[in-house]
1. For the pairs Lys327/Lys355; Lys125/Lys170; Lys116/Lys170; Lys116/Lys327; Lys241/Lys324, flag any whose C-alpha to C-alpha distance is greater than 23 Å.
2. With a 10 Å radius around each residue's Cβ, average the other Cβ atoms per peptide and rank 160-166, 394-400, highest first.
3. Over segment 222-344, give the accessible area per residue in Å² for a 1.4 Å probe, as an integer.
4. For segment 192-353, what proportion of DSSP beta bridges, expressed in % and rounded to the nearest 5, is antiparallel?
5. Using a simple spin-label model with points 7 Å from Cα along the Cα→Cβ vector, what separation in nm is obtained for Lys8 and Asp23?
6. In what sequence, largest accessible area first, do Thr178, Thr207, Thr201 appear using a 1.4 Å probe?
7. Accessible area, 1.4 Å probe, largest first: how do Asp304, Asp23, Asp325 sort?
8. Computing the accessible area with a 1.4 Å probe over protein heavy atoms, can you report the carbon and sulfur percentage for segment 1-124?
Amino acid sequence: MFENKEEKERLILVGIGEESSLDELEELIYTAKATVVGRMLQNREMVHPGTYLGSGKLQELRELIEELDATGIVCDDELSPAQIRNMEDVLQIKILDRTLVILDIFAARANTHEGKIQVELAQLKYRATRLVGMRRSLSRLGGGIGTRGPGEKKLEMDRRLIHNRISQLKAELKEVMTHREITRGRRDKNKIPVIALVGYTNAGKSTLFNYLTGAGVLEEDKLFATLDPAVRQVELEEGQKILLTDTVGFIHKLPHHLVEAFRSTLEEAKYADIILHVVDTTSPQMEMHMHVVYETLAELGVVDKPILTVFNKIDLLEQPQVLKDLKAKKTFQISAKTGRGVDALLAGINEELTKNQVYVEKLFPYERVGEIQVIRQYGQLLSEEYTEDGVVVTAYVPIEIYNKYNI
Ligand SMILES: Nc1nc2c(ncn2[C@@H]2O[C@H](COP(=O)(O)OP(=O)(O)OP(=O)(O)O)[C@@H](O)[C@H]2O)c(=O)[nH]1
Ligand SMILES: [Mg+2]
């Protein structure tokens, strides 16, 4: 992004409503490697449909831009093509929005083939509807935001070309997704329960994932450090095997195009047996973050899954706190960094998995070893030992199966 040796973008944040939302936007801007030189908040109830800000504020902003020598502004909501055009006319400067910034971060972070297709798809969809409006904002290249991904040449593609490319990417994505379905099918067959880590971005999902699996997945004090889902097998103390998945974090006002494009990635949670909801306990916005996570899960159709909420980063709390989540079956307080509380969490996972299951320790004489197959199919085979008299098995078996087959 710095190759063109241009100066970093100097941006002014513009929002309506709450200061805290601008704090998060500022973090997003730094993640996208641009600089914030000022901010302006309007206390309106609603976004102005034509110009985002009211006319008085817009004039104020114009003066502020000059005073601070800004190179662009970033609005905290997704702008319509008309809003961009009208603001450009008044301000004569690059107009960016929250969506574009998030798209830019995703573009820089996508590593896998699938991730890259998903980001480009989301970017093109965003641009397709704004091609006419964005003269200055998308055509002039600055030192950063809004410039990555398809690149300048592609930005000049007309609508028709963009739509062709969108169809092509969709077809490619479909292929990748079919592959993923197959992998999921295999997982189902193996019957290893899947535990999905979900949570707001920067909550510590990857840190917990690494602590449990030793996988060395990227963990960073940045928003959206993880884009591509990772899966690893972990064996619990009781012998129970689980598949742990680490995925992309959620955020307030996650752009619609991204949710759509990343649906398959985000939907990992849909295939999970248990959801581990990781929460950054140190964030002043903790409640809002939890709310956003539950809203996003509902939007993705992830309902009726057992949720275990993990209040993370307790090593940073000065004193113990009472932390509640009424939507969770159970809550845990841990530090993914130091490992404090992790054993209790693992025991909780095991308890949840083996609920409604019976622990079996039994010798199957050699003429009856066929019955072990039933356990394999419906339960969790923990161990098998071949002895003189037969096979000694330890396993968890669902109660119905236990009764039906008289295991
Ligand atoms: N002190 C402390 N820091 C933690 C803990 N867990 C995570 N962190 C830090 O929090 C930051 C974010 O951690 P990640 O694991 O990357 O968060 P994530 O939820 O995977 O974030 P995204 O992938 O961006 O959604 C990193 O700087 C971690 O070192 C913890 O228990 N204690
Ligand atoms: Mg992560």
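The values are calculated or read from the model by the stated rules, or taken from the named source; none is laboratory data. All figures in this text were calculated on a predicted structure; none of them were measured in a lab. FYI the Cβ positions are ideal-geometry reconstructions off the backbone, even for glycines, and counts take in every protein chain you see. Surface accessibility is based on the protein's heavy atoms, side chains included, excluding ligands, DNA and RNA. Shrake-Rupley method; radii C 1.70, N 1.55, O 1.52, S 1.80 Å.
1. From the list (Lys327/Lys355; Lys125/Lys170; Lys116/Lys170; Lys116/Lys327; Lys241/Lys324), the Cα-Cα distance tops 23 Å for Lys116/Lys327; Lys241/Lys324.
2. Top of the packing list down: 394-400, 160-166.
3. Heavy-atom SASA per residue in segment 222-344 reads 46 Å².
4. About 25 percent, rounded to the nearest 5.
5. With each label point 7 Å from Cα toward Cβ, the separation is 2.1 nm.
6. Ranking Thr178, Thr207, Thr201 by accessible area, largest first, yields Thr178, Thr207, Thr201.
7. Most to least solvent-accessible, the answer reads Asp304, Asp23, Asp325.
8. 46
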